[in-house]
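Step one of this worksheet: look at the structure below.
Every read-out reported here was derived from the displayed coordinates using simple, explicitly stated rules and does not represent laboratory data. Owing to the predicted nature of the structure, the values given are computational and were not obtained by experimental measurement. Positions of Cβ are backbone-derived with ideal geometry, glycine not excepted, and every protein chain shown enters the neighbour counts.
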Amino acid sequence: MEYASKHGDGIAFRTLTLQQLKDIHSASCRILDEVGVIVHHDEAADLLKKGGAYIDSKGRTHIPEALIKRALHSAPSRITLYNRLGEPVIWMEKSNVHFGAGSDTLVYLDPFTGERRDWTTEEVATAIRVVDALPQLDFVMSMGLLSDVDKRMINRIQYALMLKNSVKPQVVIAEDAPTVADITEMAAAAVGGREKLKNMPHFVLYCEPTSPLQLPFESVDKLLYAAENKIPVNFACGAVEGASTPVTVAGAVAQANAEALCGLVLHQLKNPGAPFLYGFGGSPLDMRTMVACYAVPEVLLLQGCVCDLSRFYSLPSWGYAGCSSSKDFDEQAIAEATMFTVMGALQGCNLMHDVFYIESGRTGSLELLVLMDEVISRARHILKGVNTTPEYLAVDAVKRVGPGGNYLGDAHTAKHFREKWQPTLSDFSTYSSWEAAGAKSMRERIRERLRSIMQEHKPVPLAPEVEEKIDAVIKQAKDRLGI
Amino acid sequence: MASIKDLTEFVIQADIEKVKETTAALLAAGEDPLKIINEGLIPGINEVGERFKEGNLFVPEMMMSAQAMKAGVDLAKEKIEGADIPNAGTIVIGTVAGDLHDIGKNLVSMMLDSSGFNVVDLGVDVPADKFIAAVKEHKPSIVGLSALLTTTMPAMKEVIDALKESNLRDQVKVVIGGAPVSQAYADEIGADGYAPDAALAVELCKKIA
Ligand code: B1M
């Protein structure tokens, strides 16, 4: 159980035995050594070559295990993320769990009318404020693609919206390294300078290889930029099992792990000791419909492997929670998203994203987001485990109350009942009082909560001069791009 | 000896070895290669297509059957001299510039290929001029464009514009697809068709080729 998750008071979860971990690691090393990868980036190919990789006549880069060992040795095993106010709020290490929303959905599912439409800037800003308000969500992402701005500016404007509408740390998608540079500039303005940002990171950059076994120019360029500037970064493939990776869970993990390790090697060659976030995800191809499906049982198993591997490697872990393949905010969405959230929590995944995704990432549902806030709170309560000290075993209370008595009047109950989990949305009233209060379904209560957050929640504002700096970065980028 | 009818069954069963054996035996016995293709192999893949549509068969099985059929066709082709080899049409396909998503595009390619199209796959991140060069070289009836990113959708229009500039637009039909793409977008940029998935892409191509 050495690499199982360890939560409060004995709660642990394991997916792989030590032997299985070693088998996967060895399979991934074989893939990097015998099959190799294609690196579409000259500096990166050069770094690898100088580090000891072999480039064959077909242009494939073969990575020896020694390079992987060295990278695993130099990479930090933990990362702290700070909010916009400079407070540490996310500790990625061991089995700590944190949750956040997702990026770039195409469709906004209007929570009040059920209409599906393109996102506007205003709607994305509102959605980010909702994430800011929800206590169980630890970080923000870009939520939706802006349909009302020039396409080349989407990532930058999304980032400005995140800074303006939330204090929480972010996970960021950017199309290329110049975009990351602008995002870094905006973040530095918000937190008090480049040097501070470098040492107290406020955002994580999300980079991806293209499976199978390709390192595209932009991804690698961003990865190297992140290494240089100590921006925490992942190199997480989105496996489409049966298309871009083997169809079996173990095969998908072996290849995706090889890709992540290859990213790590490159990253550590560029700047040993820079923070790297290990992980990847999957959405297996449904072989009838050809749809990449989120949150199916195989994906939950894959994430179990990611988490055990991350502890085996002593690297912080990245994953998913609270998302679904369903087209609507319906029973399927709730079943899948809840399972993923509870499993992810048990697995001890350090940074889980995509809470609010439906339709496998094409649509965003704020109703699901609000519901998941409570599901996460339930899951976090479970992670506390069972306290078995004498005070909690309560033999004294049992003696006091005795056979046939009632604990309601006992001091032990009065002392400890507040430790019990409390709902924010679920209803524990009697039928008659529920009816008297309007017989509101969970869905109606979710909408009420959303409405009140949208009307009332005011995120901590940015200083006016910081807003100006952020707007200036946006303006300069527009000028550069000739928009 | 196995007959042409058995060949159809072997394609349905995706039994590559039996398809090869039987095709070779039939050819050796002097059977007409075109008849082997048209009455033995193609009916097999058509039946597989039907079963897939009815939901009784999955894509990987269809792919295996397609490979079995191709193995037979390749053997038969060697014996065809000069005569026209049956072919549903040529399509040049690729993921547009700036976009690296290729899983959907590959599926569309494979299904078109299985349906008898001659597919020229240009890969990912394909700039407009590469499409133009490929159209000049391969003279396809269809150009297929795939994009999964909102930011790369405009590159589809660029290909259409480049086709116009090169006076090639009226020689090809342009078919587009990918998650953010819609019929409305196809209409907006003047594409000839849009397909939401690979199976419908094949139907569309068959219709307009
Ligand atoms: C010619 O005629 C036709 C006709 C029909 C056609 C057609 C052409 N082409 C497709 N079709 C149609 O038929 C196919 C089969 O039925 C269908 O094809 P699809 O491709 O839709 O379906 C495939 C069979 C399965 N589906 C897929 O393969 C796509 C799945 C998702 C999860 C996805 C994946 C896997 C990947 N991704 Co990316 N990815 C997402 C996707 C989310 C989603 N659920 O769609 C999407 C598309 N990605 C997105 C993003 C943002 C990105 N991705 C990126 C990268 C990747 C991976 C490399 C990790 C990987 C691709 C691997 C590969 N080899 O292709 C990055 C961009 C890289 C680049 N420059 O292209 C990056 C920018 C993320 C980053 N961190 O950098 C989002 C796009 C938003 C947008 N529209 O702009 C996204 C919707 C996820 C999200 N919500 O964030 C139909 O669309």
*asked:* Whole-Hz ³J(HN,Hα) for each residue in segment B:117-134, computed from phi via Karplus 6.51 cos²θ - 1.76 cosθ + 1.60 with θ = phi - 60°, x for glycine and proline: what do you get?
replied: 7, 8, 9, 9, 9, 8, x, 10, 6, 8, x, 3, 5, 5, 4, 4, 4, 5
_So if I restrict to the alpha-carbon atoms in segment A:397-483, what is the Rg, and what is Dmax, the biggest pairwise distance, in Å?_
26.1, 82
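Round to the nearest 0.05 the FRET efficiency obtained for A:Glu87 and B:Gln183 when R0 = 35 Å and r is the Cβ-Cβ distance.
On the way: r = 49 Å, r/R0 = 1.40.
Here the calculated transfer efficiency is 0.10.
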*For helix A:464-481, report the angle its Cα long axis makes with the longest principal axis of the Cα atoms of chain A; keep it between 0 and 90° and round to the nearest 10°.*
40 degrees
_Rounded tilt (10° steps) of A:177-191 against the dominant C-alpha axis of chain A_ = 40 degrees
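How large is Rg/Rh for segment B:4-84, to two decimals, with Cα atoms and a Kirkwood Rh? Write out the running numbers ahead of the final one.
Values: Rg = 12.3 Å, Rh = 12.4 Å.
For segment B:4-84, the value is 0.99.
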_If a paramagnetic tag sat 7 Å from the Cα of A:Lys458 along the Cα-Cβ line, which residues of segment A:160-201 would have the backbone N under 20 Å from that point?_
A:161-168
*Taking only the alpha-carbon positions of the protein assembly as shown and ignoring solvent, what does the Debye formula give for the base-10 log of I(q)/I(0) at q = 0.05, 0.06, 0.09, 0.11 Å⁻¹?*
-0.28, -0.40, -0.86, -1.21
*For segment A:421-463, run through the chymotrypsin sites (Phe, Trp or Tyr not before Pro) and keep only the ones in DSSP coil with at most 16 other Cβ atoms within 10 Å of their Cβ.*
A:Trp421, A:Phe428
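How shielded is B:57-64 by partner chains, expressed as the average number of their Cβ atoms within 10 Å of its Cβ atoms? Could you put the intermediate results ahead of the total?
On the way: counts 2, 4, 8, 4, 1, 1, 1, 0.
Counting other chains' Cβ atoms within 10 Å and averaging over B:57-64 gives 3.
Only counting other Cβ atoms within 10 Å, I'd like A:Thr120, A:Thr389, B:Thr22 sorted with the fewest neighbours first.
A:Thr389, A:Thr120, B:Thr22
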*Can you give the mean number of other chain Cβ atoms that lie within 10 Å of the Cβ atoms in peptide A:288-296?*
3
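Give the order of A:Val375, A:Val39 when sorted by the count of other beta carbons within 10 angstrom, beginning with the fewest. If you can, show how the numbers build up before the last one.
Details: A:Val375 25, A:Val39 28.
Going from sparsest to densest Cβ surroundings: A:Val375, A:Val39.
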*Just from its helices, what would the mean residue ellipticity at 222 nm be for the protein assembly as shown, if runs of 4 or more DSSP H residues each count -39500 (n - 2.57) and the sum is divided by every residue, rounded to the nearest 500 deg cm²/dmol?*
-15000 deg cm²/dmol
_chain A - percent relative contact order, Cα under 8 Å, separation 6 or more_ = 20 percent
_Which one, B:Ser182, B:Ser146, B:Ser115, has the greatest fluctuation when you compute a Gaussian network model over chain B with C-alpha springs under 10 angstrom?_
B:Ser182
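If you keep only loop residues by DSSP, which GluC sites (Glu not before Pro) in segment B:1-70 have at most 10 other Cβ atoms within 10 Å of their Cβ?
B:Glu54
Chain A: longest stretch without exposed GluC sites (Glu not before Pro) (DSSP loop, at most 15 other Cβ within 10 Å), sites themselves excluded? It would help to have the intermediate numbers written out before the result.
Numbers: sites that count: A:Glu2, A:Glu115.
Here the longest segment lacking exposed loop sites spans A:116-483.
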*asked:* If I fit a long axis through the Cα atoms of helix A:331-347 and take the longest principal axis of the Cα atoms of chain A, what angle between them do I get, 0 to 90°, rounded to 10?
replied: 80 degrees
_Count of Lys pairs (Cα-Cα under 22 Å; at least 8 positions apart or interchain) in segment A:322-474_ = 4
*Computed label-point distance, nm, for sites A:Thr113 and B:Phe58 using a 7 Å Cα→Cβ extension*: 4.1 nm
*Which entries in A:Lys6/A:Lys168; A:Lys58/A:Lys94; A:Lys198/A:Lys478 show an alpha-carbon gap greater than 32 Å?*
A:Lys58/A:Lys94
_Please list 3J(HN,Hα) in residue order for segment B:165-171, calculated via the Karplus relation 6.51 cos²θ - 1.76 cosθ + 1.60 where θ = phi - 60°; whole Hz, with x for glycine and proline._
4, 8, 6, 10, 4, 7, 8
*Out of residues 5 or more away from A:Val204 or on other chains, whose amide H comes under 5 Å of its own, with H placed 1.01 Å from N in the peptide plane?*
A:Gln170, A:Val171, A:Val172
*Listed residues B:Leu149, B:Leu112, B:Leu57, most fluctuating in chain B (Gaussian network, C-alpha, under 10 Å)*: B:Leu57
*Quantify how strongly other chains surround peptide B:119-127 by giving the mean number of their Cβ atoms within 10 Å of each of its Cβ atoms.*
1
_With at most 10 neighbouring Cβ atoms within 10 Å, loop trypsin sites (Lys or Arg not before Pro) (DSSP) excluded, longest segment of chain A_ = A:59-419
